[in-house]
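Data first, discussion second: the structure below is written as structure tokens.
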Amino acid sequence: MKKPDSPDPTIKLLRQIAFVSALFAVVLCILILVNWLQLHRADPLNSPAVKTMIDRLGSDPDNAQLREQVRTLDLLSRKAYFTSQWQIRTGGYLLLISVLIIAICLKTIEYFHKKLPDLPEIKNNTYWIDRKINRRWVGYTGGAVVLVTLVFAFLSHNELENMLGNAVSRGTDTISGKNASKNIPLSTSGKAGSVPDSLLTLATGDSISSDTLLDGYPTWTEIIRNFPSFRGPGGNGIVYQKNIPVSWNGKSGKNVIWKSGIPLPGYNSPVVWNNRVFLSGANETRREVYCFDAKTGKILWTARADKITGSPAKAPTVNKETGQAAPTMTTDGRRVYAIFANGDLIALDFHGNRIWAKNLGSPANHYGHSSSLMMFRDMLIVQYDQRGSANVMALAGKTGDVVWKTARNVKVSWSSPVVAFTGKKTELLLAAEPYVASYNAGNGKELWKMDCISGEVGPSVAYADGVVFSVNDYSKLAAIQIGETPKLLWENSEYLSDVPSPVASGKYLFLVTSYGTAVCYDAKTGEKYWEHEFDNTTYASPIMAEGKVYIMDKTGTMHIVKADRTFSLVVESPLGEGSVCTPAMVDGRIYIRGDKNLYCIGK
Amino acid sequence: MVFAVQRFPKPEFETGYLQPGTLLPSPRAEILAAMDVAILVLALSVISWIVLKKRSRKGVFWMSLFSLIYFGFYREGCVCSIGSIQNITLALFDHTFILPLTVIAFFIIPLIFTLFFGRTFCAGVCPFGALQDLVAFRPQKLGSRLNAVLGMVPYIYLGLAILYAATGTDFIICRYDPFVGIFRFNASFGMFVFAGILLISGIFIARPYCRFLCPYGVLLNWVSRFSRRHITITPAECIQCRLCEDSCPYDAIDIPVTTKDPENRKIRVKKLIWISLLIPFLTFAGGWTGSRLHITLAGVNSKVRLAEEILTPAAGQGQPESLGLTAYKSSGKAAEEVYSEASEILDRFYNGGWILGGFIGLVFGWVIAERMLSKWHTDYIPNKGACYSCARCVDFCPVKTDLSEIKHEKT
Amino acid sequence: MKQKAFIILALALLLALILFMVKDLFYNSPEKKTNPYAYDLRTLKKGDTTQTAYIETRQVHTRLPEIHGLATGINDWIYLAGDNGVEIYDQAGILKNRFDITGNAGCVAVDKHGNIWLGMEDHIEIRNASGKQIKTWKSFGEESFISSIAVTDSFAFIADAGRKVVYRCDLSGNMINRIGEKDPVRKIPGFIIPSPYFDLAIAPDRSLWVVNPGRYELEKYSYDGSFLTSWGEPGIGIGRFCGCCNPSHFTLLRDGSFITSEKGIERIKIYSAEGKFSAVVAFPSSFEEGTRGLDLATDSRERILALDPVKKQVRIFIRKKDQKSN
Amino acid sequence: MPTRREFLNTLVRGSILAGLGLLSGALIFRKGKERECGFDFNCKNCPRSNDCLLPRPLESRQMVWQLDPSRCIQCGRCATDCVLTPSAVKCVHVYAMCGYCDLCGGYFKPGTKVLDTAAENQLCPTNAIKRKFVEDPFFEYTIDEPLCIGCGKCVKGCSAFGNGSLQLQVRHDRCVNCNQCSIARNCPSGAFSRVPASNPTLLRGFDQKQTTTNIKQ
């Protein structure tokens, strides 16, 4: 093959062409870059100028001049967008062509102007030394990679895995066995929650001996002196104290010991331990726990539930009627516990110092989480019936660790747990569509359940003398004889409650509907003894004390009726302020949370 | 959302308006995909013939130009053999993933050809190689040190690509595909910058992507070491003229090794034993390191990111909700489902981190050990692993024909 | 020297490339990118829930897979009809009966005897409360799609979305006349039905009202088919009917005021008997995005029942003042 | 004489070859796990095969990217994240679902008072939808394909207020069928998937058979 001559001028020319093309390419590159930047900076399709002008046009629709302006500008900006794209594209093609020219020129030069290989000078044979050095360098590189990786791993080491682990375990029905066996004695002799009949045995019986096993939680006698949770001891709506006031007037101040403003709203009810009254309040941004001095009504301390790991940044959207702080707090006399609509759970000591706090995961709850907390021994019981994952769990009061956790196959509910001693064991009674269920309060094992409730369950159950009463609006009122195989004693759906929970003595069941009708049934047969319309919306749950039933309607008027088979109104005492919260009663006093204020009633 | 029966009457047009049909163009005909495979086989056969029989640099050049135009500019890059690694991996791990036969062909066929003829695929079929070969105007020697160190990158890249493909996270080779934008005259800005950088550095460092990034190159490298035939610099006996010594732009010519290792044998054996004991340790250390990194690694997975976002919502109240979160909310999926999915993926990444790290550790150990084994050879020979069979060196060899074939030469 | 500079330059570029890849891979969260072409419907859907005149008190959950029709009957029982099934609940939401039907019921009505009239796409089926088929009418035509039925003491009014016409029939299924066909002479505008929602109802004063969704109007017709009057205007505003074709459903209260439901911007509103906007029952925030087919009914206690086919519930609203009557 | 090294090489080569053969064989002949609606081309014994709208098993199994409009949330990523500019995803008008409304939710900005084609009333950022009067009160809406950038604004408007006849689809004449679609990578709702090339559309809400016959081959 004949090799063509390589005339110098040709090569020179080619070099020049290549150089010019390269220059051209660089200029094109810059132009394209500028164009691209412009397009991205200005974003003509979202031109704010056009937007504001259209807004103006919206308020001034007859301005023909403005309309013209909008149209022109809109056209221009769209044109700018497409032209700019066309320019970039054309620029790209030109760039490619110029690069192609460079490549052709250089390749031709290379072809014509083949350099003869210059013999490289013979180096000292460094082959073996090179290999040694190479080994070392590879080693160094490896070390560097490990180092960089570890730095990365360290820097980015976040809590994701743990958080996920927690989040996942929340959804499963594992019971953390380790803690359960450590903290809970196998004997389930109960001591919290019961009926009046078994009160004595509970207070004095073998329960005391087991007290010594577990230090740091109140005895039943201690509990019933106080009002430690929603609807009182065990959450059953029964107060075992005496001298409960019957007559007062919030407006005139009659029998009102003090009245104290509550900083943040909340539909939770006060809980009382000795000389302290606790409640919580929250709005979308702040969640607080308040401790009132029972004597003076002064706020002793305010604790904020903030900076809690896993707490969602945004408060959940809740129904106005539920609010951000619907669940009532609870206390075991050592600590107070509060939960909020966003799933933040906080434990404080009696001085307002935070002991622990955690987030249970944003409640998937369309009205807002409202199940109140309950205490049992040194455990905090949380009913967490959320969409997709319903469970009930017990957390160690001291640490917040999950002691046991039981999954529930139920719909979302708004009812609260009730702890009742049923003769042999302490049962935890929960209601949610589709069933009322009982769990061993000590270890969370399900004892029995009965399909007898449906809908969006708000009322909690009532327990008396071996019978559990459950009710929900658009469902039915059911009396369940408990035992190994629970039996439906009777049912009725004439009067149903939406919010207030029923309350029962051994003989009677008292029910208040949310539209204000109070009904009394025979607890064993279901025979209706009386009904009475109070004609006002009622959200607060009735409380039974000293043979009377305290029914407070939404306007704040307390209707006190005899707990008897005939209707007999004792007295009606107005608060002078609306209220939807269940009153708390201790010896000689009633604490009522009004819409804005906390009232202490007594003499 | 419910889009159940959307039954409704069509408007009754009185003016004789005819409702147009909804026309959608159909994708590329399937027969063309089969044609691609045929052309791949054909191109590989031709290039192998050019390299091994014709020994013509010019032939290689024109063949690579053809491939650049066909596989690059006409076929616009996808699917390519490099990217097919990920499809194969995903198909192995995810039984529901459907693997088109062409993808299998694009993965397997070049490997088989390499097994018989060396890396002729790189020389004249791969459009990426062709493009870079074209711009290698001023190739510089990098020195064995840099070659050794930078040569580790493809292993890491391959490992990561397999990890992400196996977990169904992403195809990162395709994500950082540098040249596909050029083939399509259309890409995101970042991709163009990527291509620009590679091509500019490719003027001085020949084939930077092939040598220091290409994950498929790792496989080809290893397969090629055991190839049945391979390009030789000289068709006959090497006359030790040293003309070819600097001819390879890829530093892939092994110069003769005729001296013995100056270190004494005892020490060498000791070192070799030591390093072979070190390899399991390196593997383990790498694995451990990799496992430490698994959360960072998993952060690439969108499901993990979503779970993280749900768990730790952005601090700023005023910030608009991220699109991922919006989509999650409108999907009506339970958070628990997202969490358990994410934690499952996280587990996979933990195991994957061990395997990836272990693999990288093993490779480092092997590369060190390999540089201890002596390779006695007197001729200038192409390194079978690293050589791209571009046939540049052939042009430099003064020995043009095998003496035994001289009778047939008629020029 | 020059060579070295080139190598260093090239290496630096390569290194930058790898660093960029690492950064992009690990420190890039595409979720954070905002949408430059966002079309935010939420601002259109805002509404102060405290401003509603009604409050939702209850939901009745249904187990029908797809529900299309809602009606109330004697004793305020609630009737639901959908694909392959009918459910009957009492006024408290307790399931009283449930039976299967063959085919899909697009709408339901209940007559004074408690018989259930089902619009089965192109024909009508009448069943008694226990589900026994009493009568099946013959098809109105292949393209018929019955979207609403109203039954009075002597007539049945049937809205056929497929043929864009209302039929007046006697109770045994004989057609008396067709109402609402486009007729320039009688000044009847004709129904425009771009989506399968076409509702009618009999007002307490026994007048016939029909939605003309394509015109965003409710139109009043005499029984013989004369166009009497109409009201309603299109628009996003709270007093108007939005979107492509609305209202999708309506019903009337005893005082003759209208309750309307819309899709697009999902809301339920009340208009006075004269068609003047009076109050909101539910804002879009109460519904899942994209909810459509909010069939409405009222009962003797003037509760408003709305069928939510997405949540698969009947949602019951009561006037805020008289919550007690719930 | 084959040296020991050569013999070893042959051995390794043989095993690599065998490995590759096994791998490809396994990949070609293995059966996918049974899935609800498959796309696994494993239609044998499928109880739903009679009323299945999916294509019959294909030998080459070519797949293309497509987006499922029923999962789409109109996030705008299709416009911004495609490797192509303008995107390969464009709005498709399913006329068979259109109500031919005067007040079109996909055409007009919310709150538009005068229903005309004036620029200030149009929702589309590129004015790619053409409105044509058919007869009272019907209007035909057509997509001007070259102008459409696939932002999905009109899709959102149409599905919120209308029948959802405007839907985003990957246009296979434009799509370069990347091995990993970059929109799919960033799609927040996971609406993108690989679908068989023989049935490359995922239009929703009405009889698919109706459109497949309409697809220009």
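When only Cα pairs under 8 Å and 6 or more residues apart are kept, what is the percent relative contact order across chain C?
The value is 14 percent.
Springs between Cα atoms under 10 Å define the GNM used for chain C, and in it the highest mean-square fluctuation of C:D76, C:D48, C:D122 occurs at C:D48.
Sorted ascending by nearby beta carbons within 10 Å, beginning with the fewest, A:I381, C:I94 become C:I94, A:I381.
Which pairs, out of C:K311/D:K109; A:K476/A:K524; C:K164/D:K132, put more than 26 Å between their alpha-carbon atoms? Result: C:K311/D:K109 exceed 26 Å. Distance between the modelled labels on D:D116 and A:T10, one decimal in nanometres: 6.9 nm (7 Å Cα→Cβ projection).
Legend: calculated FRET efficiency, A:D564 to A:S247, from the Cβ-Cβ distance at R0 = 22 Å, rounded to 0.05, equals 0.70. I'd like the FRET efficiency for C:R178 and A:D62, computed as 1/(1 + (r/R0)^6) with the beta carbon distance as r and R0 of 41 Å, rounded to 0.05. Computed FRET efficiency for C:R178 and A:D62: 0.40.
Relative to the longest principal axis of chain C, what angle (0 to 90°, nearest 10) does the C-alpha long axis of helix C:2-26 take? It is inclined by approximately 30 degrees.
How would you classify chain B from its alpha-carbon gyration tensor, with a ≥ b ≥ c the square roots of the eigenvalues: rounded for a/c under 1.5, else prolate if a/b is greater than b/c, otherwise oblate? Verdict is oblate for chain B. Given R0 = 41 Å, the distance between the Cβ atoms of B:Y70 and A:D43 translates into a calculated FRET efficiency of 0.60. About its Cα centre, the dipole of the range A:300-412 is roughly 140 debye, where the only charges are +1 on Lys and Arg Cβ and -1 on Asp and Glu Cβ. Pairs over the 30 Å Cα-Cα cut-off, from the set A:K259/C:K45; C:K45/C:K276; A:K449/A:K528; A:K507/A:K603; A:K295/A:K445; A:K314/D:K113: A:K259/C:K45; A:K507/A:K603; A:K295/A:K445; A:K314/D:K113.
Starting from the Cα gyration tensor of the range A:166-601, take the square roots of the eigenvalues, sort them a ≥ b ≥ c, and report rounded, prolate or oblate (rounded when a/c is under 1.5, otherwise prolate if a/b is larger than b/c, else oblate). Rounded is the answer for the range A:166-601, as its axis ratio a/c remains below 1.5. Within the shell of other residues whose beta carbon sits under 9 angstrom from the beta carbon of B:L115, the net charge comes to +2, with Lys and Arg scored +1 and Asp and Glu -1. A cut-off of 5 Å between modelled amide H atoms, ignoring neighbours fewer than 5 places along the same chain, links B:G118 with B:R228, B:R229.
May I ask you to derive the relative contact order of chain A, considering only C-alpha pairs under 8 Å and at least 6 residues apart, and to give it as an integer percent?
Averaging sequence separation for qualifying contacts and normalising by length gives 12 percent for chain A.
Counting each DSSP H run of 4 or more residues in the protein assembly as shown as -39500 (n - 2.57), what helix-only mean residue ellipticity at 222 nm follows after dividing by all residues, to the nearest 500 deg cm²/dmol? Calculated mean residue ellipticity at 222 nm is -9500 deg cm²/dmol. Output the relative contact order of the range C:201-326, whole-number percent, from Cα pairs under 8 angstrom with separation of 6+ residues. Dividing the mean separation by the residue count of the range C:201-326 yields 15 percent. Taking amide H positions as modeled 1.01 Å from N, with prolines and chain starts lacking one, the residues under 5 Å from C:S230 and 5 or more places away or on another chain are C:K220.
Selection among C:I88, C:Y197, C:C245 by position relative to the dipole of the range C:48-320 gives C:I88 as farthest towards the positive end (Cβ unit charges, Cα centre).
Gyration tensor analysis over the Cα atoms of the protein assembly as shown returns equivalent ellipsoid semi-axes of 72, 45, 28 Å (largest first, whole Å).
Farthest towards the positive end of the charge dipole of chain B, among the residues B:P110, B:A43, B:P235, is the Cα of B:P235, using unit charges on the Cβ of Lys, Arg, Asp and Glu.
Mind putting together the pair-distance distribution for chain C? All Cα pairs, 10 Å bins, whole percent per bin, short to long. Pair shares across the bins are 6, 25, 31, 18, 6, 4, 4, 4, 3, 1, 0.
A simple charge model with +1 on the Cβ of Lys and Arg, -1 on the Cβ of Asp and Glu and nothing else charged puts the dipole of chain A at about 2400 debye relative to its Cα centre. When only the Cβ of Lys, Arg, Asp and Glu is charged (+1, +1, -1, -1), the dipole of the protein assembly as shown relative to its Cα centre reaches about 6140 debye.
In this rough spin-label picture, where each label sits 7 Å from Cα along the Cβ direction, the A:R286-C:R240 distance is 4.3 nm. Here the spin labels are modelled as points 7 Å beyond Cα on the Cα-Cβ line, and at A:I133 and B:R268 they lie 2.0 nm apart. Here the Debye sum runs over all C-alpha atoms of the range C:161-230 as equal scatterers in vacuum, and log10 of I(q)/I(0) at q = 0.12, 0.13, 0.20 Å⁻¹ comes out as -0.29, -0.34, -0.81.
By definition, a body whose alpha carbon gyration tensor gives a ≥ b ≥ c is oblate when a/c is 1.5 or more and a/b is not larger than b/c, and the range A:321-455 fits this oblate description. Applying 0.36 nm per residue to the separation of C:L228 and C:Q51 and subtracting their alpha-carbon distance, the gain on full extension is 60.4 nm. Our analysis of the range D:63-214 gives Rg over Rh at 0.97, with the two radii drawn from alpha carbon positions and Rh computed by the Kirkwood formula.
We did not get these values from a lab; they are worked out from the coordinates using the rules stated. What you see is a predicted model; the values in this text were computed from it and never measured. Ideal geometry is used to build each Cβ from the backbone, glycine not excepted, and the neighbour counts take in all protein chains shown.
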